[in-house]
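First up is the structure itself, then whatever we jot down about it.
Only the coordinates and a few stated rules stand behind these numbers; no lab work does. No experiment lies behind these values; they were computed from the predicted model shown. Here the Cβ is made from the backbone with ideal geometry for all residues, glycine too, and neighbour counts use every protein chain on show.
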Amino acid sequence: MQKRLTKAEIVEKAQALGSELVGFAPVGRWEEFGEVPTEFHPRNIWPLVQTVIVMAVPVWLPIVEAAPSELGREHYLTTNELLDVMAYRLAAFLNHHGHAAINLPRDGYGEAGVLAEKQVALFSHVWAGYYAGLGQVGWNHTLLSKEYGPRQRLVSVFTTLKLEGDPMIAVDLCSKCLLCQKICPSHAFSGDHSMKYARMDKLACMSQAKKFRAAFRNPCGFCIKVCPVGEDRKLFQSTNLKKYFDEAAVLAKDPAAEEYRSWLHIRKYGGYPLPEDPKKE
Ligand code: SF4
Ligand code: SF4
């Protein structure tokens with residue numbers, strides 16, 4: 001008879017595969033909280049699912065804050081690949097132990113044109129991450145974790161194995177500073193502090209992404225780099241958020257300003273120039 005896997009064994013496997021955060025969400029939480037339209041509940045994708053296991057890998061702040069850059073694009077592609085391999089292998093591990101499982105890809109819409117038309121992906125890993133106790137949904141619609149703020153990417157595994165859910169995070173992580181709104185180059189966010197979540201113009205965000213992708217310098221991620229939440233800011237010694245907002249004015253006066261030297265270098269080599277790049281002397 002096959003052995004019933006424990007949560008500790010599944011976490012150990014997920015970590016060995018490269019996951020930095022792992023959480024468990026019983027499917028009942030989608031119904032209990034009612035924030036996700038029923039059409040996108042896990043049971044609408046696979047009726048047998050009992051538990052959604054969510055895994056996350058961080059994106060490194062020094063790379064994200066130099067965006068838009070080709071280095072950021074490579075980093076994004078690496079995390080995408082890692083996530084899909086991790087999720088496939090964790091599903092295979094569960095299946096080998098007699099617990100049916102499938103992996104949900106980290107995006108699940110194909111390509112940006114499809115998302116532009118449908119405006120929504122097959123499944124939201126952000127809400128799954130919230131129900132699995134990894135973090136909270138911030139004003140900017142990303143999952144904010146204590147460890148990395150919005151600077152992580154997510155993937156999920158569905159299994160028929162019933163497991164206890166992890167405690168959900170009760171304290172507010174999002175301070176509603178609205179810096180994500182202020183920095184967004186496409187003005188995709190609207191609303192104010194009184195709203196739990198911003199209104200989001202997804203088409204505006206996608207058209208910005210398209211512009212950066214044409215230069216091989218996607219994703220945008222400005223709303224990810226600016227967020228003050230996350231212990232990673234201390235690790236990477238980057239707590240001066242004003243630097244993001246002063247950049248254009250400082251570079252207009254001095255296109256080789258020392259404090260922006262590394263970002264300029266990263267953006268200059270790899271990918272095509274963008275109209276907003278500082279002009280050569
Ligand atoms: S930047 Fe501020 S408002 Fe936006 S998600 Fe982060 S904490 Fe919330
Ligand atoms: S990814 Fe860029 S364009 Fe899209 S909402 Fe965030 S800051 Fe705005």
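General observations
- Distance between the range 206-267 and the range 69-136 - C-alpha centres, whole angstrom: 25
- Translational diffusion of the chain, estimated by Stokes-Einstein from the Kirkwood radius over alpha carbon pairs at 20 °C in a medium of 1.002 mPa s, is 108 µm² per second.
- Computed helical MRE - 222 nm, the chain, DSSP H runs ≥ 4 contributing -39500 (n - 2.57), nearest 500: -11000 deg cm²/dmol
- Counting lysine pairs in the range 185-246 whose alpha carbons fall under 21 angstrom apart, excluding pairs fewer than 8 residues apart on the same chain, gives 11.
- Karplus-derived HN-Hα couplings along the range 24-34 (A = 6.51, B = -1.76, C = 1.60, θ = phi - 60°), whole Hz, x at Gly and Pro: 10, 10, x, 4, x, 5, 5, 6, 4, 8, x
- Neighbours of Asp232, meaning other residues whose beta-carbon lies under 15 angstrom from its beta-carbon, give a summed charge of +2 when Lys and Arg score +1 and Asp and Glu score -1.
- Here the Gaussian network model covers the chain, with springs between Cα atoms less than 10 Å apart; of Ser262, Ser186, Ser156, Ser262 fluctuates the most.
- Partners for Lys146 among aspartates and glutamates (Cα-Cα distance below 16 Å; same-chain residues under 8 apart left out): Glu20, Asp166, Asp172, Glu231, Asp232
- Annotation: cysteines of the chain without a disulfide-compatible partner (Cβ-Cβ under 4.7 angstrom) are Cys174, Cys177, Cys184, Cys205, Cys220, Cys227.
- Net charge over other residues, Cβ less than 15 angstrom from the Cβ of Gly270 (K, R count +1; D, E count -1): +2
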